[in-house]
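The values are calculated or read from the model by the stated rules, or taken from the named source; none is laboratory data. Worth saying up front: this structure is predicted, and the values here are computed from it rather than measured. Ideal geometry is used to build each Cβ from the backbone, glycine not excepted, and the neighbour counts take in all protein chains shown.
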Amino acid sequence: MKIKVGITGQKGFVGQHLFNTVALFPNEFERVPYHIDSFKDEQKLESFVSQCDVIVHLAAMNRHDNPEVLYQTNIGLVKQLINALERTGSKAHVIFSSSSQEERNNLYGKSKKEGRELLAKWALAAKGTFTGLVIPNVFGPFGRPYYNSFIATFSHQLTHNEQPTIDVDGEVRLIYINELVKVILDVIRSKSGNPLFLIPHTSVDNVSEILTSLERFKEQYFESGIIPELGTQFEVSLFNTFRSYIDIKSHNPIKFVQHMDSRGAFVEIIRLNVGGQVSFSTTVPGVTRGNHYHTRKIERFAVIKGKALIQLRRIGTEEVLNFHLDGDEPSYVDMPIWYTHNIKNIGDEELYTNFWINEFYDARDPDTYFEEV
């Protein structure tokens, strides 16, 4: 039997990543549809709750000019969820996202701690299963600048001609969104509760050190197309986060510099401060390659002969981005993570394409998921 998973706040930063990752395991999980209006209609909320084997409660307000509004909103959402659980007699495994700010003297942290305690009390009385996740600072692609993370804010600023400033420098304990989602999936699979689950951070860095790395990514990658040195998994995660804030429409495709003489042309395809794998393909007219996406890999498509259409679509969205590349003016497009992509020969001759990816191909862990653009 598949585990039916419902995610409140599935359009939010953590929610969208969890929602999309659950879909990678179709034989194990089934996603229960959720709409933000469910908390405005008792019947809709009860219908949602009654369908779920697992409810991951992520819906919350993170920031507001009036902290009291933030506190009342978050506590109110928890109470509404508990009322729906009680009215439906639900035995769902409820997983609640709290924050390491629980112990800080602010109303956001207070709302999270009290919300976790209210759900633990419900589970005890109803003989239900509850897990209260206390989560460190989370970063990753597609977070909202000025809202979810200082890393989101810095990355947005650096890719939009703005200069970040540090209000308070200090040590920050972090977890990457993919790592957090893995923990949540492990909790779901365990089918056991824990009212106080302190999720460990996976990296510790100063705000100024992170900004220095992001500025390096801007100088080398955003401005010069150089893949920077990425010596640790944290740096790969930080780089993929940075890349997600680049305006894909205006940034691509990127033309190479051609050096012409009597012999022909010379084009430098890629400068690397990191390893990986380089491949080459020919594609006959009318044929499409790809229609897949990656959740961690960094990849470049470079068209050196023929005419190509490269298409990208972010998972969970409908907008398709079209980029036309021509070997007469060699150019490239880099593939963002969580964007399904393809390349089609739209010319009358063979298409020649160079591919670079930052990992050797591993059939046991390909990080390649097929979905039509």
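Miscellaneous remarks
- The single residue among Arg313, Arg289, Arg243 that is in contact with a strand residue (DSSP E or B) (Cβ under 9 Å, 6 or more places away or on another chain), farther than 27 Å from Asn161 by Cα and modelled with pLDDT of 95 or more turns out to be Arg289.
- Residue in the stretch 78-100 that is under 19 Å from Ala152 (Cβ atoms) and at pLDDT 95 or above present: yes
- Take the conditions (1) in contact with a Phe, Trp or Tyr (Cβ under 7 Å, 6 or more places away or on another chain); (2) buried (at least 23 other Cβ atoms within 10 Å of the Cβ); Val138 misses just one of them, which is (1).
- One residue alone among Ser331, Ser250 is under 30 Å from Lys11 (Cβ atoms) and within 28 Å of the chain's Cα centre (by Cα), and that residue is Ser250.
- Taking the stretch 340-356 as the range and being surrounded by 21 or more Cβ atoms within 10 Å (Cβ to Cβ) and of a type in the set (Ser, Thr, Tyr) as the test, the residues that pass are Thr340, Thr353.
- Counted residues, the stretch 33-60 - those being surrounded by 15 or more Cβ atoms within 10 Å (Cβ to Cβ), free of Cβ contacts under 8 Å to residues at least 60 places away in the same chain and either in contact with a Leu (Cβ under 8 Å, 6 or more places away or on another chain) or under 25 Å from Asp186 (Cα atoms) (or both): 14
- Yes/no for Glu117 being assigned to a helix (DSSP H, G or I), at pLDDT below 95 and not small (Gly, Ala, Ser): no
- Checking each residue in the stretch 137-172 for being more than 22 Å from Arg296 (Cα to Cα), in contact (Cβ under 8 Å) with a residue 40 or more places away in the chain and hydrophobic (A, V, I, L, M, F, W, C) picks out only Ile166.
- Considering the stretch 302-317, the residues that are assigned to a strand (DSSP E or B) and farther than 20 Å from Phe266 by Cβ include one that is nearest to the chain's Cα centre (by Cα), namely Arg314.
- Pairs meeting the criteria (first residue in the stretch 310-324 and among the small types (Gly, Ala, Ser), second residue at pLDDT 95 or above, beta carbons under 8 Å, at least 6 apart or on different chains) are Gly316/Gln16; Gly316/Phe19; Gly316/Asn20.
- From the list Ile188, Ile254, the lone residue that is of a type in the set (Val, Ile, Thr), over 23 Å from Val134 (Cα atoms), in contact with a strand residue (DSSP E or B) (Cβ under 6 Å, 6 or more places away or on another chain) and touching a residue at least 24 places away in the same chain (Cβ under 8 Å) is Ile254.
- Of all residues in the stretch 198-212, those that are charged (D, E, K, R) have Cβ atoms under 7 Å from Cβ atoms of residues that are surrounded by 13 or more Cβ atoms within 10 Å (Cβ to Cβ), 6 or more apart or on another chain, in Asp205/Val172; Asp205/Leu174.
- In the stretch 17-35, the residues that are within 22 Å of Phe130 (Cα to Cα) and part of a helix (DSSP H, G or I): His17, Leu18, Phe19, Thr21, Val22
- Taken over the stretch 37-87, the criterion of being in a helix (DSSP H, G or I) and farther than 22 Å from Glu117 by Cβ is satisfied by Asp37, Ser38, Lys40, Glu42, Gln43, Lys44, Glu46, Ser47, Phe48, Ser50, Gln51.
- Note on the stretch 318-352: residues that are assigned to a loop (DSSP other than H, G, I, E, B), touching a Phe, Trp or Tyr at 6+ places or on another chain (Cβ under 8 Å) and either closer than 17 Å to Ile270 by Cα or among the aromatic types (Phe, Trp, Tyr) (or both) total 3.
- Residue list for the stretch 1-57, restricted to those being among the basic types (Lys, Arg) and either at positive phi or within 20 Å of the chain's Cα centre (by Cα) (or both): Lys11, Arg31
- Residues located in the stretch 251-289, provided they are small (Gly, Ala, Ser) and assigned to a loop (DSSP other than H, G, I, E, B): Ser262, Gly275, Gly276, Gly286
- Qualifying residue in the stretch 242-250 (condition: part of a loop (DSSP other than H, G, I, E, B), more than 20 Å from Phe142 (Cβ to Cβ) and not polar (S, T, N, Q)): no
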